[in-house]
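Participant: One structure, as structure tokens, below. Some questions next.
The values are calculated or read from the model by the stated rules, or taken from the named source; none is laboratory data. This is a predicted model, so every value here is computed, not measured. Backbone-built Cβ (ideal geometry, glycine too); neighbour counts: all protein chains shown.
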Amino acid sequence: MTLAPETTDLKIQLRLEDDDWFTVCDLHRLVPGRGVAALLPDGRQVAVFRDRTGRLYGIDNRDPFGGAAVLSRGLTGTHQGRPFVASPLLKQRFDLETGQCLDDESVRVAAYEVRTQ
Amino acid sequence: MTATPGATPTIVLVGHGMVGQRFLEALAERGLTATHRVVVLCEEPRPAYDRVQLTSYFSGRTPEELSMTDMEFIKDHGIELYVGDPAETVDRAAKKVTAKSGQVFEYDTLVLATGSYPFVPPVPNKDAEGCFVYRTIEDLLAIEEYAKSRATTGAVVGGGLLGLEAAGALKGLGLTSHIVEFAPRLMPVQVDEGGGAALLRTIEDMGLTVHTGVGTQEIVVGEDGAVTGMKLSDGSELATDLVVFSAGVRPRDQLARDSGLTVGERGGITVDEQCRTVTDPHVFAIGECALAADGRVYGLVAPGYEQAETAAATIAADEASFTGADLSTKLKLLGVDVASFGDAHGTAEDCLDVVYSDSRAGLYKKLVIGRDGTLLGGILVGDAEAYGTLRALTGSVPPISPESLVLPAQAGSGAQLGPSALPDEAIICSCHNVSKGTIRGAVTEHRCTTVPEVKKCTKAGTGCGSCVKVLGQLVTAELEASGVEVDKGLCGCFSQTREELYEIVLALRINTYQDLLDRYGREDARGGDGCETCKPAVGSIIASLAPTIGASGYVLDGEQAALQDSNDHFLANLQKNGSYSVVPRIPGGEITPDGLIVIGEIARDFGLYTKITGGQRIDMFGARVEQLPLIWTRLVDAGFESGHAYGKALRTVKSCVGRTWCRYGVQDSVRMAIDLELRYRGLRSPHKLKSAVSGCARECAEAQSKDFGVIATSNGWNLYVGGNGGATPRHADLLAQDLTDAELIRLIDRFLMFYIRTADRLERTSTWLERIPGGLDHVRDVVVEDSLGICEELESLMADHVAHYADEWATTINDPEKLARFVSFVNAPDTPDPVVGFVPERGQIKPDLPLLTIGHRPLEGSAQR
């Protein structure tokens, strides 16, 4: 696995289960309103997003309906004040803070704490 | 469920037509299929189908599509259905039915739904080869075969409802068609003299020949015994190769007669208000074979349905009765609206007529009004728009004057009386007997907010469909009345429609989404991140107008990148496993052998699945996101550019080879297709745009199924617009004829820009053309006659687009910052997504679907590298 080259830019970090902070990439790699996918050390994939105010979010990258790892490629938005991403497969929306699916209350994907360092 | 005969009571249904099927559904709804053995004997070789829509077979509906029988339903309810096995005898004393196959069924209840048979006048040679009736799918198949092989002219005996349908079908089969009607006018039962005259004119304009006031005296046959003509009562002879008898139907009551049941003087099994035969309490008769308690035989499907419900309810020991039915009908015959309702012929004492007639336009409207102003009935020919409202108002005094109800709106005093004026007890859906009050209840009590929900909840509008328009108006009115604002806004972020947003963007030169949202979004959406609906819609508007409003013409530039749908963002089409497909542009479908080889080599080198598309190009599937720039570098090097298969944009302009090669071609269709495709490539629009150019009237490029289609004539080009294939096919409408190259291109420029300006999001040209007020005529006024004075602006907007076009893939592969986005993982750019895998099939690859489920553990972590 090749990590992105070091720069002096702020880094985006994710909190893993063992309370370690995992560095994903430089902040400037994220376009406001879009996401990127990152590979975690255990093989899981996470979708990281940045909204127009600069806030960062991380949820599992797998679309639980279709199975493909594509949530990072969805369109984001705000629904009743809460940030969401719409899956590019069949458009189900997921709350970016909790991972809760907004169109099927029985479905939720993992959500991660994200910070810049 | 399979019941042992004798152990549970048995219902035997004889006849599986529309009414029979409805009876079975009514049994199931009342739980009777669970408590009874149900046996159905069906004479025709196929189960119940939609006989009302029979003629639609000739416009492409298959017998399967006409079917009304869900075999799951039959199976789930344990119904024993025997097709092609009619009942032959009934022994009422032993309560047994014997079928043609020899099977014998004991019954506790027998229901006769044998329908009717076509009446064939007893003229000499009526059974000759080439004589047909028009009743079943088998009849249609036989007519079609004979017409194709042995006939150029056809005549229909009978100018009623079915006769006109049959004549239209013959014409559709390419025959010169005649209608012979004994009465002095067409459709004598439904319309009066004035209505008949309006109808006659329209039908004759379609190229059918009508002979009224004459009877058929003899069918003339040739030496081989096949039809050559018919002798008419006025002494004339009509040469024809084929005759269809459609002179009415008679109840099929022979089985009942043979078993000693009472039948009416003019036929029909006599039943009481519960649809029980007056002779035998164990036998019922429903539909066209029954003589109802009011002394009438009903030949329409709605009363038949009501009888089916009544019989089922009576068998379930519920209270129900059929005492008579409304004979109101609304039909579209050969494209002409014909409706009659209530006392259409003014038989009530002292009644008065209000008539509006315009035989030039084929319009005839008559209302029958009682002395006290009560609306008693009416006839509408040519325009039956007001049918739903008028029928429901029948029996009451309309709230506005009757003449204003029939005058056309543009005549000044014409009033549009909405369905909100109707009383609650007014019947809106006569097929299912649903009142306005029930529909209102669906909205207020059952919280339905859309027409499909109301249809599901009340069944209204699921029969013949003629009330759906009124239904829509009622639902909207009711929602508005109950304070639910019917929001026409684009989405939760914008209260404006797409068209309004386009105007704002263009007029104020707003060139960012955030600016538009923060200034014109809904109050609570301002400052937010928008949503997945408005972002691509606004992104598309900005892209369409980019050069004019000062935005970048590159859809991945700056903020625009965040607005694009996922496909546009990666300039490729996302497939189910997260891989992409790649479609290079092949203008007009013309490609050199070298070009084909390049595509072949690329597909081979990257291991892609290849398929020829319907738009005359080549689709390569299975590319990983990180492969897209590598693939496109090679394609761009070889001179290919983006095909925009991922965008709401111009897709392809198909062509046939045209005059250059084809013996029939009259213009160079390939050249024109290439010119058009290169002119409009990259043009973002509310939905995808497809086009085609055919080199002659044979139309091999299928231009009439396209958003804009061009067909060559010996004098130039004909332009068709608003066509569509897909789920709701629509033939394109002719916009202008015999255009020069320059005229054609100017007109398409205007048409496309007018569409982009006024269409809703994701609205194809076909639905747009049907929706916008004034339809095709309005569009023609605007883009041909320049009635709004905007053509210069439309042309200049298109000129801007053409001048500023750049291939977005060429731009992307030369921009390192954009290329960095094409990775599976931002922190591991060389690692491919492990979920994207492939397995072989027929010598190529396909997605490895199990991979999508195996690794799927969203909530628990497990190492799997």
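Participant: So which of B:ASP733, B:ASP738 ends up being under 18 Å from the mean Cα position of the chain (by Cα), of a type in the set (Asp, Glu) and either crowded, with 24+ Cβ neighbours inside 10 Å or assigned by TED's automatic domain parsing to the domain that holds B:GLY665 (or both)? Give the derivation first.
Facilitator: Working: B:ASP738 fails: under 18 Å from the mean Cα position of the chain (by Cα).
Residue meeting the stated conditions: B:ASP733.
Participant: Tell me, which residue of region B:612-655 that is hydroxyl-bearing (Ser, Thr, Tyr) and outside any strand (DSSP E or B) is surrounded by the most Cβ atoms within 10 Å (Cβ to Cβ)?
Facilitator: Keep residues of region B:612-655 that are hydroxyl-bearing (Ser, Thr, Tyr), which gives B:613, B:633, B:642, B:646, B:652, B:655.
With outside any strand (DSSP E or B) added as a condition, the list becomes B:613, B:633, B:646.
Working: B:THR613: 16, B:THR633: 16, B:TYR646: 24.
The residue in question is B:TYR646.
Participant: Going through B:PHE105, B:PHE73 one at a time, which residue ends up being in contact with a Leu (Cβ under 9 Å, 6 or more places away or on another chain), aromatic (Phe, Trp, Tyr) and either surrounded by fewer than 19 Cβ atoms within 10 Å (Cβ to Cβ) or farther than 23 Å from B:ALA34 by Cβ (or both)?
Facilitator: Working: B:PHE105 fails: either surrounded by fewer than 19 Cβ atoms within 10 Å (Cβ to Cβ) or farther than 23 Å from B:ALA34 by Cβ (or both).
Checking each option against the conditions leaves just B:PHE73.
Participant: Can you name the residue in region B:492-517 that is at the interface with chain A (Cβ under 10 Å from one of its Cβ atoms) and within 18 Å of B:GLU559 (Cβ to Cβ) and is also surrounded by the fewest Cβ atoms within 10 Å (Cβ to Cβ) among such residues? So that I can check it myself, show each step before the final result.
Facilitator: To start, the set of residues in region B:492-517 that are at the interface with chain A (Cβ under 10 Å from one of its Cβ atoms) comprises B:492-493, B:513-514, B:517.
From what is left, the residues that are within 18 Å of B:GLU559 (Cβ to Cβ) are B:493, B:513-514, B:517.
Numbers: B:CYS493: 25, B:TYR513: 26, B:GLN514: 21, B:LEU517: 24.
Only one residue tops the list, namely B:GLN514.
Participant: Only one of B:PHE132, B:PHE73 is of a type in the set (A, V, I, L, M, F, W, C) and either on the phi > 0 side of the Ramachandran plot or not in a helix (DSSP H, G or I) (or both); which?
Facilitator: On the way: B:PHE73 fails: either on the phi > 0 side of the Ramachandran plot or not in a helix (DSSP H, G or I) (or both).
On inspection, the qualifying residue turns out to be B:PHE132.
Participant: Mind listing whichever residues of region A:60-92 are facing chain B (nearest Cβ under 7 Å), part of a loop (DSSP other than H, G, I, E, B) and under 12 Å from the mean Cα position of the chain (by Cα)?
Facilitator: Within region A:60-92, A:VAL70, A:GLY74 meet the criteria.
Participant: Right, something else. Among the residues of region A:43-59, which ones are more than 13 Å from the chain's Cα centre (by Cα), within 7 Å of chain B (Cβ to nearest Cβ) and either in contact (Cβ under 8 Å) with a residue 24 or more places away in the chain or more than 17 Å from B:ALA828 (Cα to Cα) (or both)? Before you say what the answer is, go through the steps one by one.
Facilitator: Initially, region A:43-59 is screened for residues more than 13 Å from the chain's Cα centre (by Cα), giving A:43, A:52-54.
Adding the requirement that they be within 7 Å of chain B (Cβ to nearest Cβ) leaves A:43, A:52.
Selection gives A:ARG52 alone.
Participant: Quick one: would you say A:PRO32 is within 8 Å of chain B (Cβ to nearest Cβ) and either β-branched (Val, Ile, Thr) or crowded, with 23+ Cβ neighbours inside 10 Å (or both)? Please lay out each step first, then the result.
Facilitator: Values: within 8 Å of chain B (Cβ to nearest Cβ): yes; either β-branched (Val, Ile, Thr) or crowded, with 23+ Cβ neighbours inside 10 Å (or both): no.
No: the conditions fail for A:PRO32.
Participant: Are any of the residues in region B:817-839 farther than 25 Å from A:LEU27 by Cα, away from chain A (no Cβ under 11 Å), exposed (fewer than 14 other Cβ atoms within 10 Å of the Cβ) and without any contact (Cβ under 8 Å) to a residue 24 or more places away in the chain?
Facilitator: Scanning region B:817-839, I find at least one residue that is farther than 25 Å from A:LEU27 by Cα, away from chain A (no Cβ under 11 Å), exposed (fewer than 14 other Cβ atoms within 10 Å of the Cβ) and without any contact (Cβ under 8 Å) to a residue 24 or more places away in the chain, so the answer is yes.
Participant: In addition: Of the residues A:ASP104, A:ASP95, only one is among the charged types (D, E, K, R), more than 7 Å from chain B (Cβ to nearest Cβ), over 15 Å from the mean Cα position of the chain (by Cα) and surrounded by fewer than 24 Cβ atoms within 10 Å (Cβ to Cβ); which? Spell out the reasoning first.
Facilitator: Numbers: A:ASP95 fails: over 15 Å from the mean Cα position of the chain (by Cα).
Being among the charged types (D, E, K, R), more than 7 Å from chain B (Cβ to nearest Cβ), over 15 Å from the mean Cα position of the chain (by Cα) and surrounded by fewer than 24 Cβ atoms within 10 Å (Cβ to Cβ) holds for just one of A:ASP104, A:ASP95, which is A:ASP104.
Participant: Now for a separate question. Give region B:558-593 a look and list any residue that's of a type in the set (Ser, Thr, Tyr) and either more than 10 Å from chain A (Cβ to nearest Cβ) or within 17 Å of B:LEU608 (Cβ to Cβ) (or both), or say none. Full working, then the answer.
Facilitator: Let us first name the residues in region B:558-593 that are of a type in the set (Ser, Thr, Tyr), namely B:566, B:579-581, B:592.
Result: B:SER579, B:TYR580, B:SER581, B:THR592.
Conditions (1) under 20 Å from B:ASP568 (Cβ atoms); (2) touching a Leu at 6+ places or on another chain (Cβ under 7 Å), marked per residue:
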site: A:GLY33; (1), (2): yes, no
site: A:VAL36; (1), (2): yes, yes
site: A:THR53; (1), (2): no, no
site: A:TYR57; (1), (2): no, yes
site: A:GLY66; (1), (2): yes, yes
site: A:LEU89; (1), (2): yes, no
site: A:LEU96; (1), (2): no, no
site: A:VAL109; (1), (2): no, no
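Participant: Still on this structure: When you check B:ALA256 against the structure, is it among the aliphatic types (A, V, I, L, M) and assigned to a loop (DSSP other than H, G, I, E, B), yes or no? Steps first, please.
Facilitator: Details: among the aliphatic types (A, V, I, L, M): yes; assigned to a loop (DSSP other than H, G, I, E, B): no.
Taking the combined requirement at face value, the residue does not satisfy it.
Participant: Moving on. Where residues in region B:840-859 are assigned to a loop (DSSP other than H, G, I, E, B) and more than 9 Å from chain A (Cβ to nearest Cβ), which of them is modelled with the lowest pLDDT? So that I can check it myself, show each step before the final result.
Facilitator: To start, the set of residues in region B:840-859 that are assigned to a loop (DSSP other than H, G, I, E, B) comprises B:842-843, B:848-849, B:855-859.
Those still in the list that are more than 9 Å from chain A (Cβ to nearest Cβ) too: B:842-843, B:848.
Details: B:ARG842: 95, B:GLY843: 94, B:ASP848: 91.
Step by step, filter region B:840-859, then rank; the result is B:ASP848.
Participant: How many of the residues in region B:519-567 are touching a Ser or Thr at 6+ places or on another chain (Cβ under 6 Å) and small (Gly, Ala, Ser)? Talk me through it step by step, then tell me what you get.
Facilitator: Initial filter on region B:519-567 (touching a Ser or Thr at 6+ places or on another chain (Cβ under 6 Å)): B:522, B:528-529, B:554, B:559.
Still in the list and also small (Gly, Ala, Ser): B:528.
The total comes to 1.
Participant: Same structure, new question: Give B:ALA325, B:ALA339, B:ALA302, B:ALA312 a once-over and let me know the one that is in contact with a strand residue (DSSP E or B) (Cβ under 6 Å, 6 or more places away or on another chain) and crowded, with 19+ Cβ neighbours inside 10 Å.
Facilitator: Numbers: B:ALA325 fails: in contact with a strand residue (DSSP E or B) (Cβ under 6 Å, 6 or more places away or on another chain); B:ALA302 fails: in contact with a strand residue (DSSP E or B) (Cβ under 6 Å, 6 or more places away or on another chain); B:ALA312 fails: in contact with a strand residue (DSSP E or B) (Cβ under 6 Å, 6 or more places away or on another chain).
Sole residue among the options that is in contact with a strand residue (DSSP E or B) (Cβ under 6 Å, 6 or more places away or on another chain) and crowded, with 19+ Cβ neighbours inside 10 Å: B:ALA339.
Participant: Given (1) surrounded by 24 or more Cβ atoms within 10 Å (Cβ to Cβ); (2) not in a loop (DSSP other than H, G, I, E, B), identify the lone condition not met by B:GLY530.
Facilitator: Status for B:GLY530: all satisfied but (2).
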